[in-house]
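Novice: Below you will find the structure I want to go over with you.
The values are calculated or read from the model by the stated rules, or taken from the named source; none is laboratory data. All values derive from a computational prediction rather than experimental measurement. When we count neighbours, we look across all protein chains shown, and the Cβ atoms used for this are built from the backbone with ideal geometry, even at glycine.
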Amino acid sequence: MVDFKINHGPWQQIFIGKVYGHEVEIITNQEHIYLIFIYELIGEKKIGAIVEGYKALYSKGQIESFINTLPKPSMGIMKNNLEKTQKIFFLTFDPIYLDFTQEDYLKKLDYEIDKNFDNIRTVIDLARTSSIELKELGEVSIKEYFQIIGDPFVMQVLLSPKRTSGLTKMNIKMDLEEDKQTKIQLGLTKNREIVIEKTKNLYRTSIVGEKQEQALYCAYILAENLLLEGKQVIIFDQTEYFNGLAEASKNDSKLKEQLVEYEPSGFPVKKIVAKENMKVSMKNTELGLIFDNLGIKDEKLEEGIIELAKKINFNTPQELIANLFDANQLNDFQKLKAERILTIIDNNYGKIFGKNIELQELIKKWPGTLGRATIIETNKLNKNEDLIFTQSLMNYLEASIEEEKVSEIALIITNGNELFKGKDTIRLINELEKDGFGIIFTGNSTIPESIESTLTTKINVIKENDIAITVKGKPSYRLNLRPNLSGNPKY
C-alpha cells in the first residue's frame, strides 16, 4: 500500500488489484481527486510507480463539445437510469514517475497536485464561457453524482486512457523517462516561451563568457539538466563553484515565476580534492608538457625518458628514476642528467602523482533516476599542476574506458583555455568523444577550431543569464537561463 502522507488528505484506498499484468492502486480524498498508482516491481518489492491523477467535477450542459475544444487531457462520463441523466467531468493530471528509492519522492507528488489546482480553476472559468457549469462535488447533492462515483466500472475507465492497450508491453520507468527527456527546461525567451533543448545537443558544448561566473552558471544549469536525465557528470572545478549541487536551492518562487516544472532539489554528489585525496599516475602524463613547463630543451634526453616510460609501469617520478638503468637510449651522462631533471619534476609536481583512483569511483552510477556528479576540486593546484593533473586524468579515462559503457558520462572542464596549451590535448579530446564521452568547456575566449568543429553546440554568454545558443543545423536563438534547482550559484 502506498504511503498516504500526501498533501490534501486524508486519503483512502478505493481500489487495489492487478490490471493488464501490473499492480494498481487508486486512492481518493474529500476533494474527489483520484490518484492512480501503477507499480514497478523487482520481485515483490515496489521500487517506483507511474502516477496519474484525475479531478472529478459535477457537470451540467453540453460537456461533449467542451471536451473536444479543451487543450487539456480530460474525460466526461454520462449515465442515464431512465429517471435522470448524471454527468461527471474528469480533468486529467499529467503522469509522473515516482522513484521510491529517493527520500523526497512524496514531495514531488505534492508539488504536482498543487500545480494542477491552478489548472482546475482555469478549466472551470473556461467552461463558464462555454455555458457549461462545472462544480465541486461537495457543492451539490450526492444524488447528482452517486450513479457514477463509486461505480466499479468507472474505476476501470480511469485506468484506460493513454496506456491500456500497451501497458503489458511497456517498461514503466524507461518509457516515462523517455517522455521526460523532452521536458527539461533550459530557460525562457524574451516572450516567456519555454525553451527545451534536447540533452543530446548539450552533450558536446563550448561555453564562452567574458566573466567567469557567468560561463560557470551556464555550465551549472547544463549539469543539472544532465543529472535530471540520469547522466553521470565529472566536473573539474577550480573554484568550488559546483559544491551546491548536493543541496536544494531556495528558489521555489523563482522557479514557479519562470514556469519551471521541477521543484528545488539536490543531486547525488561525490567530492574529491585533487592532490589531497586523489593522485594521477605519471604514466598517463604528457611528459613533453612537463618538460615545456620547466623549460627543458634537450630533445634526445626527452625522447630517451619518454621511450623508457612506455616500457615500464610507474606512477611517480621516483619510480621512474629507479628504472633509469634500463634507459638504453641514454648514455651514462644522460642518465645522470635525466635523474636530476626527474628530481626537479618530483620537487615541483611530485605531490600530484601517485596510483590512479579506481575507475568505478569516478563513473559509478547512482541508484534511481538521477545521475551522479563527481566533483574534482582542483583549487589547491597551481596553473601548471592543474593542467598536468587534468590532462593526465583525461588520458587515464581514455585509456581505461574501452570495456565500460560511457554513453552517459559528460566531462565539464572549467579551465578550457588553459587546457589547450597541451600539445596532446586536441588528440585526447577527439579520442574521448569517439569513446562516447560528452565534453563541455567553459572559457573566456574562442575554443580552437580543431576542437570546436567536433562540438554540437556553441553558447555565448551575452550578460548574466542571457545567452545565445547555436546548435549545428539549427538557427541561433537567445534565452534567459532558468533558475537553479540546487545550491546558490552566482552569475
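Novice: Filter the stretch 289-310 down to residues that are surrounded by fewer than 17 Cβ atoms within 10 Å (Cβ to Cβ) and under 41 Å from the mean Cα position of the chain (by Cα) and give me whichever is nearest to Lys355 (Cα to Cα).
Specialist: The residue in question is Lys310.
Novice: Now a separate question. For the stretch 417-465, enumerate the residues that are under 14 Å from Lys211 (Cα atoms) and in a helix (DSSP H, G or I).
Specialist: The one that is under 14 Å from Lys211 (Cα atoms) and in a helix (DSSP H, G or I): Asn417.
Novice: Quick check on my filter: what residues within the stretch 316-356 are polar (S, T, N, Q) and either in a helix (DSSP H, G or I) or touching a Cys at 6+ places or on another chain (Cβ under 6 Å) (or both)?
Specialist: Selection gives Gln318, Gln334, Thr343, Asn347, Asn348.
Novice: Also, I was wondering about something else. Within the stretch 436-453, how many residues turn out to be surrounded by 16 or more Cβ atoms within 10 Å (Cβ to Cβ) and modelled with pLDDT under 80?
Specialist: 2
Novice: Follow-up question, since we're still on this one. Of the numbered conditions (1) out of contact with any strand residue (DSSP E or B) (no Cβ under 7 Å at 6 or more places or on another chain); (2) modelled with pLDDT of 70 or more, Thr168 fails exactly one; give the number of that condition.
Specialist: (2)
Novice: Could you check, for the stretch 106-124, whether at least one of its residues is over 26 Å from Leu259 (Cα atoms) and either β-branched (Val, Ile, Thr) or assigned by TED's automatic domain parsing to the domain that holds Leu259 (or both)?
Specialist: no
Novice: What are the residues in the stretch 451-470 that are among the hydrophobic types (A, V, I, L, M, F, W, C) and within 21 Å of Ile196 (Cβ to Cβ), if any?
Specialist: Leu455, Ile459, Val461, Ile462, Ile467, Ala468, Ile469
Novice: So for the stretch 246-260 (the condition being over 18 Å from Trp366 (Cα atoms) and in contact with a helix residue (DSSP H, G or I) (Cβ under 6 Å, 6 or more places away or on another chain)), does at least one residue qualify?
Specialist: No: zero hits.
Novice: Hey, can you tell me all the residues within the stretch 202-257 that are under 19 Å from the mean Cα position of the chain (by Cα), among the β-branched types (Val, Ile, Thr) and not in a helix (DSSP H, G or I)?
Specialist: Residues satisfying the conditions are Thr205, Ile207, Val233, Ile234, Ile235.
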